[in-house]
Amino acid sequence: MKLRVIITGATGMVGEGVLHECLLHPQVDEVLIINRRPSGMTHPKLKEIVHKNFTDLSPIKDRLRDFNACFFCLGVSSIGMKEPQYFELTHTLTMEFAKTLAALNPEMQFCYVSGSGTDSTEKGKRMWARVKGKTENDLMKLPFKKVYLFRPGYLHPTPGLKNVNKWYFLFTWLYPVWRALFPKFVSTLRDLGLAMINAVTKGYEKNIIEVTDIKELANE
């Protein structure tokens, strides 16, 4: 199965890491990244659309047809945000984007980067976890061929990439220790990218992909 993939968030750490794996992978034929600002990246497989409003894709709609996978890596931190603002940037934005793709590409598989600790009941005390949980639940209702909900914990960055969060360098030296002590919480960006590719090309029995599943899928 050859992939034609749409990726969001490629100017951030997670999206850039997933994009890196897609550009290296022989089963990925084409990648379209959709960003609010230019990425500055070039590659024979890569196309880019710069588009500001992710809740209204109508100006670029015709360029989004005939793709069979979307790796949705766009996200914001909830730190310092009230719930309505975080809901708008997390749930509303994601759902409007996903609804458009589902209507255009009925054979598409949709991979959403959520987070470890996401609350599927939507009733817990942690605001971000409730919002992520509702986003996951509502994505599952859309008419995609398959939806995979990835819940990474600590993601160790891929060497050489430029969009690594600055504060990560305070912790990367601890990665070998965390990997040994907390194997169910720690994986690499490479693991995540490969897990997404393998999920959509080979299938997986679960829709919710926890850290242990991410590492299992990456090694298939």
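The values are calculated or read from the model by the stated rules, or taken from the named source; none is laboratory data. Predicted model only: the values in this text are computed from it and were never measured. Virtual Cβ from ideal backbone geometry, glycine too; neighbours counted across all protein chains shown. Side chains are part of the model used for accessible areas, which takes the heavy atoms of the whole protein and leaves out ligands, DNA and RNA. Shrake-Rupley method; radii C 1.70, N 1.55, O 1.52, S 1.80 Å.
For the subset of region 210-220 comprising residues that are at pLDDT 95 or above and either of a type in the set (Gly, Ala, Ser) or assigned to a loop (DSSP other than H, G, I, E, B) (or both), which member is nearest to residue 114 (Cα to Cα)?
Restricting to residues being at pLDDT 95 or above and either of a type in the set (Gly, Ala, Ser) or assigned to a loop (DSSP other than H, G, I, E, B) (or both), the top hit is 210.
If you take the residues of region 69-78 that are farther than 14 Å from residue 134 by Cβ and assigned to a loop (DSSP other than H, G, I, E, B), which of them is least open to solvent (accessible area, probe 1.4 Å)?
Looking at residues that are farther than 14 Å from residue 134 by Cβ and assigned to a loop (DSSP other than H, G, I, E, B), I get 73.
May I ask you to say which residue of 143, 157, 152 is touching a helix residue (DSSP H, G or I) at 6+ places or on another chain (Cβ under 7 Å) and under 21 Å from residue 89 (Cα atoms)?
Testing whether each residue is touching a helix residue (DSSP H, G or I) at 6+ places or on another chain (Cβ under 7 Å) and under 21 Å from residue 89 (Cα atoms) leaves just 152.
When region 70-115 is examined, which residues are found to be of a type in the set (S, T, N, Q) and farther than 17 Å from residue 193 by Cβ?
Within region 70-115, 77, 78, 85, 90, 92, 94, 100, 105 meet the criteria.
Given (1) within 20 Å of residue 214 (Cβ to Cβ); (2) part of a helix (DSSP H, G or I); (3) open to solvent by less than 20 Å² (accessible area, probe 1.4 Å), where does residue 128 come up short, assuming only one miss?
Unmet condition: (3).
Consider residue 81 against the criteria (1) over 17 Å from the mean Cα position of the chain (by Cα); (2) more than 23 Å from residue 165 (Cβ to Cβ); (3) open to solvent by 10 Å² or more (accessible area, probe 1.4 Å): it satisfies all of them except one. Which criterion is unmet?
Residue 81 satisfies every listed condition except (2).
Give 93, 64, 104, 89 a once-over and let me know the one that is more than 25 Å from residue 46 (Cβ to Cβ), surrounded by fewer than 22 Cβ atoms within 10 Å (Cβ to Cβ) and modelled with pLDDT of 95 or more.
Working: 93 fails: more than 25 Å from residue 46 (Cβ to Cβ); 64 fails: more than 25 Å from residue 46 (Cβ to Cβ); 104 fails: more than 25 Å from residue 46 (Cβ to Cβ).
The conditions single out 89.
Hey, could you check region 183-202 for residues that are among the polar types (S, T, N, Q) and outside any helix (DSSP H, G or I) and say which is farthest from residue 24 (Cα to Cα)?
Looking at residues that are among the polar types (S, T, N, Q) and outside any helix (DSSP H, G or I), I get 187.
Just need a number here: residues in region 164-209 that are at pLDDT 85 or above, surrounded by fewer than 19 Cβ atoms within 10 Å (Cβ to Cβ) and in contact with a Gly (Cβ under 9 Å, 6 or more places away or on another chain).
Residues flagged as at pLDDT 85 or above, surrounded by fewer than 19 Cβ atoms within 10 Å (Cβ to Cβ) and in contact with a Gly (Cβ under 9 Å, 6 or more places away or on another chain) within region 164-209 amount to 3.
Which one is modelled with the lowest pLDDT among residues in region 1-25 that are among the charged types (D, E, K, R) and open to solvent by 30 Å² or more (accessible area, probe 1.4 Å)?
So, considering only residues that are among the charged types (D, E, K, R) and open to solvent by 30 Å² or more (accessible area, probe 1.4 Å), the one modelled with the lowest pLDDT is 2.
Within region 70-80, identify whether any single residue is over 24 Å from residue 154 (Cβ atoms), in contact (Cβ under 8 Å) with a residue 60 or more places away in the chain and in contact with a helix residue (DSSP H, G or I) (Cβ under 8 Å, 6 or more places away or on another chain), and answer yes or no.
Checked region 70-80: at least one residue is over 24 Å from residue 154 (Cβ atoms), in contact (Cβ under 8 Å) with a residue 60 or more places away in the chain and in contact with a helix residue (DSSP H, G or I) (Cβ under 8 Å, 6 or more places away or on another chain).
Of all residues in region 107-121, count the ones that are in a loop (DSSP other than H, G, I, E, B) and open to solvent by less than 70 Å² (accessible area, probe 1.4 Å).
Adding up the residues that qualify gives 8.
Considering region 50-69 alone, what residues qualify as being over 17 Å from the mean Cα position of the chain (by Cα) and touching a residue at least 60 places away in the same chain (Cβ under 8 Å)?
Result: 66, single match.
Which condition number does residue 41 fail, the rest of (1) closer than 15 Å to residue 7 by Cα; (2) at pLDDT 95 or above being met?
Here residue 41 meets the rest and fails (2).
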